[in-house]
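Below: the structure, in structure tokens.
The values are calculated or read from the model by the stated rules, or taken from the named source; none is laboratory data. Fair warning: this is a prediction, and the values are worked out from it, not measured in the lab. As a convention, Cβ positions derive from the backbone with ideal geometry for all residues, glycine included, and neighbour counts pool all protein chains shown.
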Amino acid sequence: MKMVKSLLLGTAAGFVAIAGAQAADLPVKARPVQYVKICSLYGAGFYYIPGTDMCLKVGGWARVYDAWGMNGNSTNGALVTGQNSTRATQNLAPKVRGYITLDARNQTEYGTVRSYIAVGYNSGGPQSGVGSGNQTAPGTNTALSPYDNAVGFNANRAFIQFAGFTFGITTSFYDFYSQPATSFFGGSVNPASDTGDPGDFVFGAYTAMLGGGLSATLSAENPRTTAVINGGASSMFVFATGSTTAGNLGIQPASSAEANQWPDIVANLRVDQTWGSAQIMGAIHDVAATYYGSSDTSGSPSDEIGWAVGAGIKLLAPMIGAGDYLQAQVNYSEGARKYVDFSYNNMYSMFNGGNYGIGIGSDGVFGATGTSIELTTAWGVNVAYEHFWNPHWQTSIYGAYTATTYDATANGDMCHIETIAAFSYTAGATCNNNFQTVTIGTRTQFNLDSQTYLGVDIVYQELQSGLAGMQSNYGNGAEAAGPRTVSNQSALMGEFRVHRNFYP
């Protein structure tokens, strides 16, 4: 009996010991784990990528808009894509765009290293199905004209920055005036240098912070090349005013510019203060042609150096309204016209019944064998004022003017009076390829919140052609059985937009 009692007590003690040991091994309630650790070094929206010291912000935006009066192309506008017949012209131009942005930063012994990418989708919306009833301007991309049917993915920002250096696709360091900030329309409708175009590739730039809000940048960038026109080509001819039977206006469609050989060199000096900001800038640009004829044995003109200079200012006006500001930029160029007017292909062309407006943009013109390239002169100005009525309503008023000028030699190379069967002409006539564009518009938007808005933009644009009064049978269509008269053209265009950001 005593043995049984001892056995039972020993067994009980063993169970208690085992239970105690098991109780000691039981997990206690763990502290909450922060799977996403907030990174406060670079502002709102950043978090640490798990297992690294790199901070990442994911953002983006979505946009839906409908344009009217744009000849079916909300990117280029009516004065660039041409117009032939009111029944063959697609006035409605719907479009959808959406971008995802990624901003990654971390600290190194060389300071902050930043990489940024914006990958987006573009859809030009449904086409009208009219077919080829619309005439396109020579030198334009027929794949994008007459309808804005470009659909696909692209990256309009993809760059790396560290220790003052920048490499990749980003805003050109020449640009100052922000066209997208005060207008819904692109650079063809509202000429400016800052268009957010994917072509703004920076091969390498260095920005030095000089203190007191002053900075200076030297940059090698993707060349802003437009046409170099071969005036010796047989298709270059124009018949003058006064022809009893109207003649033919023909423009060499293809550019004779040499393929890019070296980047544009851009420099700026910028100041940012509590009153706003200002910048002066310049660029040099290679102007080179292919050949006088169809083969390399025909020779080529010597290369020329084009250049552009500009100045911009942004003035804050809190005394008028909280958030109000004025921005302006002026540019002048010789042989680098795309720093003045970033219009599509630098070619304005619009058909309107029996009339035709044309403006030929180029970096330069050369003639027959042995002639040099005559650089094209251009200058322009952009001005805009943004007023905030209250946190929900804001309105901008903006305007732009550009002028393109060819010297006497270039005009002579571009215009040839020739005799063609069934056409007569005025002997000894001359022509003038100089032209101007005038733009004025206003945009009003309603802000649902800080990230979402709805808005309407109305713009008037005019093309003033130096060839006005001359006769052309180019682009005959349904509304013009006979030749057209070259004349000034205008367009009234509008756009409705719905836009939403999410931590852009």
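Laid out as a table, the results:
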{"read-out": "Glu495, sole failed condition from (1) surrounded by fewer than 21 Cβ atoms within 10 Å (Cβ to Cβ); (2) touching a strand residue (DSSP E or B) at 6+ places or on another chain (Cβ under 8 Å); (3) of a type in the set (Asp, Glu); (4) at pLDDT 70 or above", "value": "(1)"}
{"read-out": "Residue pairs meeting the criteria (Cβ under 6 Å; at least 6 apart or on separate chains; first without any contact (Cβ under 8 Å) to a residue 40 or more places away in the chain and under 16 Å from Asn260 (Cα atoms), in the stretch 286-302; second of a type in the set (Phe, Trp, Tyr) and crowded, with 19+ Cβ neighbours inside 10 Å)", "value": "none"}
{"read-out": "Strands (runs of 3 or more DSSP E) lying entirely in the stretch 257-363 (those with 3 or more residues that are among the aromatic types (Phe, Trp, Tyr))", "value": "none"}
{"read-out": "Where a residue in the stretch 375-388 is touching a residue at least 12 places away in the same chain (Cβ under 8 Å) and under 15 Å from Gly335 (Cβ atoms) and its partner, wherever it lies, is of a type in the set (S, T, N, Q) and not in a strand (DSSP E or B), with Cβ under 7 Å and at least six apart", "value": "Thr376/Ser362"}
